[in-house]
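Peer 1: Attaching a single structure in structure tokens format; questions to follow.
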Amino acid sequence: LKPIQSSDGSFTLYSERFQEHYHSIKDGALNESLHKHIIPALSLIEKEHINILDISFGLGFNSLTTIYRLLNSNSKLTIHSPEIDSDLVKSIKDFPYPDEFQPLIDIINSIAEKGFYESQDFKIYVHIEDARHFLDNWSGEKFDIVYQDAFSPKRTPLLWTVEYFQSIKRVVNREAILTTYSSSTPVRMGLYDNGFNIYSYENEIVRNGTIASLSKLTNLIEIDMERKKLVSSNASPLRDIDFRSES
Ligand SMILES: C[S@@+](CC[C@H](N)C(=O)[O-])C[C@H]1O[C@@H](n2cnc3c(N)ncnc32)[C@H](O)[C@@H]1O
């Protein structure tokens with residue numbers, strides 16, 4: 001796979017199988033990771049030890065950018081990340097990552113070779129399996145942050161349905177923050193129908209995304225989902241039953 005340069009100068013890939021880029025070319029791979037996921041999530045979670053669910057690992061921008069942001073802090077991190085493509089994970093040691101990831105080279109090599117990295121402060125485990133299967137079987141600690149960064153609902157709908165978000169709900173803390181680039185009403189409805197509060201996340205660097213939490217958050221733009229149900233023609237969540245036959 002040939003690396004493709006995105007608008008902020010960082011590289012990403014295009015998946016022939018899913019017919020989609022791994023990151024937004026328009027927003028930039030690093031900018032997307034930093035400004036849609038990492039900065040909003042870390043600004044809302046204040047814990048010394050943070051447990052993160054990164055769906056899905058791909059090139060690992062979200063996991064790596066999180067560590068990059070916390071390198072000189074007192075925070076400790078454990079990240080679990082399901083990913084179905086084992087060849088991709090093995091190949092990351094040769095990927096032209098942004099200069100910011102230079103201090104993370106040992107982490108990148110360890111993940112490529114062994115599928116995990118462990119130090120006193122940072123632990124990452126990439127699970128080579130379907131994300132739904134991972135969620136159904138997770139019995140470890142609950143997560144504080146979820147990076148919902150699967151390919152689009154059009155390409156991998158089973159990672160965006162109301163049943164999928166029910167599985168997410170089972171594995172997160174009440175105060176957990178979920179971040180996603182999607183601002184589509186059916187995706188937001190899948191979260192809302194599981195009890196998540198829905199917020200629009202807006203900044204000047206990347207296009208709007210969504211933040212969701214089972215707890216009420218302040219200082220964010222809350223979306224009135226009850227009103228959406230009344231006025232919007234597509235205010236229904238995606239459902240497994242509509243896609244199971246395709247999988
Ligand atoms: C948009 S990319 C993730 C990008 C990644 N977060 C990053 O920063 O590089 C989506 C990833 O989901 C993986 N994937 C697709 N279907 C999956 C599934 N059912 N379970 C787990 N991973 C899946 C793909 O192989 C791809 O690596």
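The values are calculated or read from the model by the stated rules, or taken from the named source; none is laboratory data. Small disclaimer: the values here were computed from a predicted structure and weren't measured. In this analysis, Cβ positions are derived from the backbone assuming ideal geometry, glycine residues included, and neighbour counts consider all displayed protein chains.
Peer 1: Here are some residues: His133, His127. Which one is more than 19 Å from Gln5 (Cα to Cα), crowded, with 16+ Cβ neighbours inside 10 Å and near the ligand (Cβ under 10 Å from one of its atoms)?
Peer 2: His127
Peer 1: Here's a follow-up. Leu59 is checked against (1) more than 10 Å from the ligand (Cβ to nearest atom); (2) touching a residue at least 40 places away in the same chain (Cβ under 8 Å); (3) of a type in the set (A, V, I, L, M); (4) farther than 23 Å from Ala176 by Cα and fails just one. What number does that condition carry?
Peer 2: Tallying (1) more than 10 Å from the ligand (Cβ to nearest atom); (2) touching a residue at least 40 places away in the same chain (Cβ under 8 Å); (3) of a type in the set (A, V, I, L, M); (4) farther than 23 Å from Ala176 by Cα, Leu59 fails exactly one: (1).
Peer 1: Something else: Could you grab the pairs with beta carbons closer than 6 Å, sequence gap of 6+ or different chains, first residue in segment 12-35 and of a type in the set (A, V, I, L, M, F, W, C), second one within 8 Å of the ligand (Cβ to nearest atom) and part of a strand (DSSP E or B)?
Peer 2: As it stands, the answer is Ala29/Thr12, since those pairs meet every condition given.
Peer 1: Can you name every residue in segment 139-179 that is part of a strand (DSSP E or B) and β-branched (Val, Ile, Thr)?
Peer 2: Ile145, Val146, Val172, Ile177, Thr179
Peer 1: Glu202 fails exactly one of the following numbered conditions: (1) touching an Asp or Glu at 6+ places or on another chain (Cβ under 7 Å); (2) modelled with pLDDT under 95. What is the number of that condition?
Peer 2: Here Glu202 clears every test but (1).
Peer 1: If you don't mind, another one. Within segment 170-195, work out how many residues are surrounded by 19 or more Cβ atoms within 10 Å (Cβ to Cβ) and over 26 Å from His21 (Cβ atoms).
Peer 2: 5
Peer 1: Please go through segment 20-73 and give me each residue that is surrounded by 21 or more Cβ atoms within 10 Å (Cβ to Cβ) and of a type in the set (Lys, Arg), ordered by number.
Peer 2: Lys36
Peer 1: Scan segment 114-138 for residues that are more than 19 Å from Val89 (Cα to Cα) and part of a loop (DSSP other than H, G, I, E, B) and jot them down.
Peer 2: Of everything in segment 114-138, those that are more than 19 Å from Val89 (Cα to Cα) and part of a loop (DSSP other than H, G, I, E, B) turn out to be Ser119, Gln120, Asp121, Trp138.
Peer 1: Can you confirm whether Lys76 is touching a strand residue (DSSP E or B) at 6+ places or on another chain (Cβ under 6 Å), surrounded by fewer than 17 Cβ atoms within 10 Å (Cβ to Cβ), modelled with pLDDT of 95 or more and basic (Lys, Arg)?
Peer 2: Judged against the criteria, Lys76 is a match.
Peer 1: While we're here: Within 10 Å of the ligand (Cβ to nearest atom) and surrounded by fewer than 18 Cβ atoms within 10 Å (Cβ to Cβ): does that describe Ser86?
Peer 2: So Ser86 passes the test.
Peer 1: Looking only at segment 139-159, how many residues end up being more than 10 Å from the ligand (Cβ to nearest atom), surrounded by 16 or more Cβ atoms within 10 Å (Cβ to Cβ) and either among the charged types (D, E, K, R) or free of Cβ contacts under 8 Å to residues at least 40 places away in the same chain (or both)?
Peer 2: Here the count works out to 1.
Peer 1: When segment 193-220 is examined, which residues are found to be assigned to a strand (DSSP E or B) and closer than 30 Å to Gly9 by Cα?
Peer 2: Across segment 193-220, the qualifying residues are Tyr199, Ser200, Tyr201, Gly209, Thr210, Ile211, Ala212.
Peer 1: Does Arg69 meet the test of being among the basic types (Lys, Arg), within 12 Å of the ligand (Cβ to nearest atom) and either part of a helix (DSSP H, G or I) or over 15 Å from the mean Cα position of the chain (by Cα) (or both)?
Peer 2: no
Peer 1: Restricting to segment 1-51, give me the number of residues that are away from the ligand (no atom under 14 Å from the Cβ) and of a type in the set (Gly, Ala, Ser).
Peer 2: The qualifying residues number 3.
Peer 1: Moving to a separate point now. Looking at (1) closer than 17 Å to Ile45 by Cα; (2) more than 16 Å from the ligand (Cβ to nearest atom); (3) modelled with pLDDT of 95 or more, can you tell me which one Val171 breaks?
Peer 2: Every condition holds for Val171 apart from (2).
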